[in-house]
1. If you rank Leu183, Leu62 by fewest surrounding Cβ atoms within 10 Å, what's the result?
2. Could you give the nm distance between label points at Arg75 and Lys150, where each point is 7 Å from its Cα heading toward the beta carbon?
3. Stretched out fully, how many nm does the piece from Asp36 to Leu183 gain, at 0.36 nm a residue minus the Cα gap?
4. Which shape class, rounded, prolate or oblate, goes with the stretch 112-180 when its Cα gyration tensor gives a ≥ b ≥ c as root eigenvalues, a/c under 1.5 marks rounded, and past that a/b bigger than b/c marks prolate?
5. Which lysines have a Cα less than 23 Å from the Cα of Lys57, not counting those fewer than 8 places away in the same chain?
6. Please give the length that would be gained between Tyr46 and Met1 if that part of the chain were fully extended, namely 0.36 nm times their separation in residues minus their C-alpha to C-alpha distance (nm, one decimal).
7. Sorting Met147, Met1 on the 10 Å Cβ count, fewest up front, what's the list?
Amino acid sequence: MDLRDPQQLRQVYEANSKGLYNLAYRLVSDRQWAEDILQETFVRAYTRAETFKEGGKVSTWLYRICMNLAYDHLRARRYRAMASLDAPVTDSGDSESATWSATLASSLPETTAQVEQKDTADCVKKLIDELPERERTVVLLRQYHGMTFKDIAAVLGLTSRTVQNCLRRAKGKLYFGLKEAGLAPADIGHEV
């Protein structure tokens, strides 16, 4: 496959862009950055087409590029100064110091079920974000992208057995994190 051929590159893009975007978004939690990472993934695939090994899966190679770009972004983000949503708004006319996050609050009331569902989703996302890099990637690729252990192993350069062990450890950490937050089902017990 020649990724420098515009027709073939377009076919590869159409077949893989949605999954790659979803992976990038789940890793960096920002739509704009996920789009940038997706674009950079295909730029790198085009400019470094000669590094693709014939006989391999193009999708595996692209997922590897995308994942590396997302992790590069996350590492760089740690060092960038970011404005806090809890910082006070200086030009608010109130005598109380309002925060930026308070200015984003919706005026629509949420039902109890919506709030609980959002709290659970936020907790799961936070727990996944706190997993070590390798375990987080295995969970995302397996649960959200439906990849096989073999494909995940190829993307990460691991054995299928190592991928299975990473997933098992990650599930255990997620279960105990949910249990600590009071969100784990009571009937699971310790079958993690």
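1. In increasing order of surrounding Cβ atoms, one gets Leu183, Leu62.
2. Distance between label points: 3.1 nm.
3. 49.5 nm
4. Here the stretch 112-180 falls in the prolate category.
5. Lys18, Lys150
6. Gain on stretching Tyr46 to Met1: 15.0 nm.
7. Values: Met147 22, Met1 12.
Neighbour counts put them in this order, fewest first: Met1, Met147.
Each reported figure results from applying straightforward, stated rules to the coordinates on display, with no laboratory input. For clarity, every value in this text was computed on a predicted model and none was experimentally measured. Quick reminder, even Gly has a Cβ in these numbers, built from the backbone with ideal geometry, and neighbours come from all protein chains shown.
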